[in-house]
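For reference, the structure discussed in these notes is given below.
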Protein chains: 2
Amino acid sequence: MRLYQQLAQQLEVLLGDGTLAVGDRLPSIRELCAQRKVSPATAMRAYEQLEARDLIESRARSGYYVARPPAPVTTPAGIARTRARKTPVDVSDLVFEILDSVHDRSVVPLGSAFPAPSLFPWSKLARHLGSAARRADPWSSVASVSSGHAGLRRQIAQRYLRRGVSVSAAEIVITAGALEALTLCLQVLTKPGDLVGIESPSFHGCLQAIEALGLRAVEIPTHPSEGVDLGALALALERNDIRACWFMSSFQNPLGATMPDEKKADLATLLAHHDVALIEDDVYAELHFGAAPRPVKAFDTEGLVLNCGSFSKCLAPGYRLGWVAAGPFAAAIQRRKITSSLATSVPIQEGIASFLQQDAYDAHLERLRTALAAQQTAALRSLQQHLRGACRVSRPDGGYFLWLEFARETDSLALHAALLQKGISIAPGPIFSPRREFRNCVRINCGHPWTVDFDAAIGELGASLSAAASVSDRRRAAPRR
Amino acid sequence: MRLYQQLAQQLEVLLGDGTLAVGDRLPSIRELCAQRKVSPATAMRAYEQLEARDLIESRARSGYYVARPPAPVTTPAGIARTRARKTPVDVSDLVFEILDSVHDRSVVPLGSAFPAPSLFPWSKLARHLGSAARRADPWSSVASVSSGHAGLRRQIAQRYLRRGVSVSAAEIVITAGALEALTLCLQVLTKPGDLVGIESPSFHGCLQAIEALGLRAVEIPTHPSEGVDLGALALALERNDIRACWFMSSFQNPLGATMPDEKKADLATLLAHHDVALIEDDVYAELHFGAAPRPVKAFDTEGLVLNCGSFSKCLAPGYRLGWVAAGPFAAAIQRRKITSSLATSVPIQEGIASFLQQDAYDAHLERLRTALAAQQTAALRSLQQHLRGACRVSRPDGGYFLWLEFARETDSLALHAALLQKGISIAPGPIFSPRREFRNCVRINCGHPWTVDFDAAIGELGASLSAAASVSDRRRAAPRR
């Protein structure tokens, strides 16, 4: 292929995939020559070839522009090729497939992991973000390699105090969301091959992080309302060299379980006895309908609990701001953070810190909790009406998830596929289990204003269940060949 | 210890370390009872004890407040204890000690890794951040689990195009700064124990990332102006099972070296021959004084180059926004990112994307380049004047680092310690080498307006050198025992 043809082909790829969109100006001939080290004749011929095919157009005294294509332009296959050997898929396709399905805005998001965007104070947050960034000392931006914004860490520590936990601002490390905090904890506490105790069922992000770091999981049975089975945990700790546990002690995802205080105290004692650290994923802590639950960290006398929190569920989804109160592990966590991502965005920290100084935060939380509680009641009513005893349902005291357990033969993956065809997502049980268990279970999101669409979606869920059951009945009734 | 005493002690820790500062309101007796599950009598006695010691004060009809302490309150030793066994320091103390030393604002930052904050358009950026966050669709915040903001990725792709590189927006993954991008590349391309080819000397962040991920480094000699020695690299590739290379092909940190185009083309060919991927750390790309350098990715025909960039050095330090143009590895990088930190801050992406749409970005870059070039000239003049041939100095065509090589017996670590006493930081050579080599070398930052303080600091550097040399002369002259 001649040089001008190569050049034209390279540009065509960018035209085809939208990098250069209709109306964008292309480099001038002179610029193209300088950038690609080609002669003006070559640059000109490349553009002429693209122009002849109506992909670009020249405008007098102005240059070359991307033309409105007369027909769809396809991307040459070469650009999308993958090298299987070099790109091992180290997290499960199933989880990603299901996560992807909830990004379509037209889908009723029963499978979503987020509450409705309408529940958050976006414009107030934006005002704080803009003005905090304007007021910020530029020096703070280059000297940001630290545990995070001092005022923000103090405010977080004071919120712990209100929950009855003594946390020093000095043991808090600010992170880009809770998932970074949780991952840093795993990295500091374990090395590849180590065993980590997890809940069963468990948050799929926990499973993916464990998989990505080359760790192995020990699953501890978890009660739908009271959380981790301590008897089973005690046995597991005796029989295995578990290096750390990752538990969600309040409003557990996906169950909604919250361990009672006495159980949290017993858990702290049990872990101290075995000298095993607890990574406490506490991101739903602020979403309580009744009294604020205390974390296991409140009962920790040995500095073994690393409590991870976030503003993503209660104030500012998408801002990516979280933290870990890491006790004696804080310095190691901070160093690990510097090594993997240097620091957390300074304007984001300044903006949220500014918002937290206002009483507006508590007022927002009150509204949010009231809305979530009302939505849960409405969702339970829909389930009662459309599923009439076809499933057992958890009733958490906070958060925005419901866990449904159907008859043993129900296949939630088939249900997911069938409902997606109808524009409804659900979170099937197997994505919360490394061995793809809980096939007859489903997690439902009730974090959205419970409109008729949601009620109708539960109706569809009921209909799909009946259809599946009757197929299964017919199969069972059919004579064996 | 009685319960009220325990409670008082816990609160005292928070008073001592500033979590509760002078004037802050403490929980009411009723709140404290609910939070800690204690009786009103216990809560009251705890507060009375703290009040008796003048740590808190009660105000009529208002509650308890932190009092101005009559004497300094010390933090009980317990809270700061570390558990050596559980907190392995997996990155070198030396690097952290030196990084910490530049955070003191009163120190002349010759050792800093950042340009002067005064060179960046903070208030314009803050305006874009605030208004972009206000305009943003709330849905984007909860549906942000993706490769990043589509418009931002398109703009980055178009800037590659202007440098003569065909990069599709579809192969770009947005990250929280370049370091996250570089770490993700390492994680996707290697597994613990693998060999990675690096420059010698090399960016200390590269060494720390390799150490943290349990990888091993193969050091390739690197020329102060022309970069990696390709002969040595070819030999290393033949003799070792190198899984990936991490090179900075333009304005290398710490040398300032830029590989000429032909050498970049040869490097691409050599790596293709061995089927080894290149993680191209290209964070200084926009800071060129002359023509824009092309990255190795411009010469890559096999999809083996992952080019990592950032806005931290050229537009928005502390915002933490970077990316990788990862070719066929993009999907794997994105998945790995979801697993470790979910997504990049949405408002930060919106804000920078909004700024980039303006011509203001190019105007800013022009001013920044002109300032950096002028500062380099001034720094070289100071070195010429105060060091008079005592060292060899690189003269990069961009960036803001100078690499000084002194006589072989010079000890840059001793120099660092001596200068820090005088309020001057430098970056000693050994922090850029896994085996602590380059002891007679120093990296100097010329990214600040070259005030008399900087000139005087170079004078002190010269004086410290002369003092060290005369001590060493005397030692040499002393009779052996």
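The values are calculated or read from the model by the stated rules, or taken from the named source; none is laboratory data. All values derive from a computational prediction rather than experimental measurement. For neighbour counting, all protein chains shown are included, and Cβ atoms are generated from backbone atoms with ideal geometry for every residue, glycine included.
Has region B:180-193 got at least one residue that is out of contact with any helix residue (DSSP H, G or I) (no Cβ under 9 Å at 6 or more places or on another chain) and at the interface with another protein chain (Cβ under 7 Å from one of its Cβ atoms)?
yes
Taking region B:132-147 as the region of interest, how many residues are at pLDDT 90 or above, facing another protein chain (nearest Cβ under 7 Å) and out of contact with any Pro (no Cβ under 6 Å at 6 or more places or on another chain)?
1
Surrounded by fewer than 18 Cβ atoms within 10 Å (Cβ to Cβ), aliphatic (A, V, I, L, M) and closer than 23 Å to B:Gln334 by Cβ: does that describe B:Ala234?
no
Please determine, by comparing only the residues of region A:315-336 that are within 20 Å of the chain's Cα centre (by Cα) and either acidic (Asp, Glu) or within 10 Å of chain B (Cβ to nearest Cβ) (or both), which one is surrounded by the fewest Cβ atoms within 10 Å (Cβ to Cβ).
Taking the candidates together, the pick is A:Gly322.
From the list A:Ala169, A:Ala212, A:Ala181, which one is among the aliphatic types (A, V, I, L, M), over 17 Å from A:Ser310 (Cβ atoms) and in contact with a Gly (Cβ under 7 Å, 6 or more places away or on another chain)?
Unique residue meeting the criteria: A:Ala169.
Looking at region B:226-236, can you tell me whether even one residue there is touching a residue at least 24 places away in the same chain (Cβ under 8 Å), under 28 Å from A:Pro347 (Cα atoms) and more than 7 Å from chain A (Cβ to nearest Cβ)?
No, the conditions are met nowhere in region B:226-236.
When only residues in region A:386-429 that are within 30 Å of A:Glu366 (Cα to Cα) and exposed (fewer than 15 other Cβ atoms within 10 Å of the Cβ) count, which is nearest to the chain's Cα centre (by Cα)?
Out of the qualifying residues, it is A:Arg395.
Among the residues of region A:42-68 satisfying the criterion of being assigned to a helix (DSSP H, G or I) and without any contact (Cβ under 8 Å) to a residue 12 or more places away in the chain, which is farthest from the other protein chains (Cβ to nearest Cβ)?
So the residue we want is A:Ala52.
Given the condition at positive phi and of a type outside the set (Ser, Thr, Tyr), answer yes or no: does some residue in region B:420-427 qualify?
yes
For region A:239-257, does any single residue satisfy the condition of being within 23 Å of B:Arg335 (Cα to Cα) and within 9 Å of chain B (Cβ to nearest Cβ)?
Scanning region A:239-257 turns up no residue that is within 23 Å of B:Arg335 (Cα to Cα) and within 9 Å of chain B (Cβ to nearest Cβ).
Has region B:19-30 got at least one residue that is within 24 Å of A:Ala265 (Cα to Cα) and surrounded by fewer than 14 Cβ atoms within 10 Å (Cβ to Cβ)?
Yes - at least one qualifying residue is present in region B:19-30.
If you scan region A:281-331, which residues turn out to be polar (S, T, N, Q) and out of contact with any strand residue (DSSP E or B) (no Cβ under 6 Å at 6 or more places or on another chain)?
Selection gives A:Thr301, A:Ser312.
Working only within region B:276-289, note down all residues that are closer than 18 Å to B:Gly447 by Cβ and within 14 Å of chain A (Cβ to nearest Cβ).
Of everything in region B:276-289, those that are closer than 18 Å to B:Gly447 by Cβ and within 14 Å of chain A (Cβ to nearest Cβ) turn out to be B:Asp281, B:Val283, B:Ala285, B:His288.
Kindly state which helices (runs of 4 or more DSSP H) lie completely within region B:116-198 and contain at least 3 residues that are under 22 Å from B:Ser312 (Cα atoms).
Counting at least 3 such residues, we get B:122-135, B:150-162, B:178-189.
Filter region B:31-40 for residues that are more than 9 Å from chain A (Cβ to nearest Cβ) and assigned to a helix (DSSP H, G or I); which is farthest from the chain's Cα centre (by Cα)?
B:Pro40
Report yes if B:Ile352 is assigned to a helix (DSSP H, G or I) and crowded, with 24+ Cβ neighbours inside 10 Å, otherwise no.
Yes: the conditions hold for B:Ile352.
Say whether the condition of being free of Cβ contacts under 8 Å to residues at least 60 places away in the same chain, within 20 Å of the chain's Cα centre (by Cα) and facing another protein chain (nearest Cβ under 9 Å) is met by at least one residue in region B:114-123.
Taking every residue of region B:114-123 in turn, at least one turns out to be free of Cβ contacts under 8 Å to residues at least 60 places away in the same chain, within 20 Å of the chain's Cα centre (by Cα) and facing another protein chain (nearest Cβ under 9 Å).
If you check B:Val173, B:Val167, which single one turns out to be touching a Phe, Trp or Tyr at 6+ places or on another chain (Cβ under 8 Å), within 8 Å of another protein chain (Cβ to nearest Cβ) and buried (at least 23 other Cβ atoms within 10 Å of the Cβ)?
The match here is B:Val167.
Among the residues of region B:6-53, which ones are charged (D, E, K, R) and at negative phi?
Within region B:6-53, B:Glu12, B:Asp17, B:Asp24, B:Arg25, B:Arg30, B:Glu31, B:Arg36, B:Arg45, B:Glu48, B:Glu51, B:Arg53 qualify.
With respect to A:Gly111, determine if the residue is crowded, with 17+ Cβ neighbours inside 10 Å, at pLDDT 90 or above and more than 7 Å from chain B (Cβ to nearest Cβ).
Criteria met by A:Gly111.
A:Ile174 - would you say it is farther than 27 Å from B:Ala176 by Cα, at pLDDT 95 or above and aliphatic (A, V, I, L, M)?
Taking the combined requirement at face value, the residue does not satisfy it.
May I ask you to say which residue of A:Phe355, A:Phe432 is over 20 Å from the mean Cα position of the chain (by Cα) and of a type in the set (Phe, Trp, Tyr)?
A:Phe355
Taking region B:69-108, which residues are in a helix (DSSP H, G or I) and either polar (S, T, N, Q) or at pLDDT 90 or above (or both)?
Residue satisfying the conditions is B:Ser101 alone.
Assess whether B:Ala157 counts as being closer than 27 Å to B:Ile338 by Cα, facing another protein chain (nearest Cβ under 9 Å), touching a strand residue (DSSP E or B) at 6+ places or on another chain (Cβ under 7 Å) and not aromatic (Phe, Trp, Tyr).
yes
Quick one: in region B:6-30, of everything that is assigned to a helix (DSSP H, G or I) and out of contact with any helix residue (DSSP H, G or I) (no Cβ under 7 Å at 6 or more places or on another chain), which residue is farthest from the other protein chains (Cβ to nearest Cβ)?
So, considering only residues that are assigned to a helix (DSSP H, G or I) and out of contact with any helix residue (DSSP H, G or I) (no Cβ under 7 Å at 6 or more places or on another chain), the one farthest from the other protein chains (Cβ to nearest Cβ) is B:Arg30.
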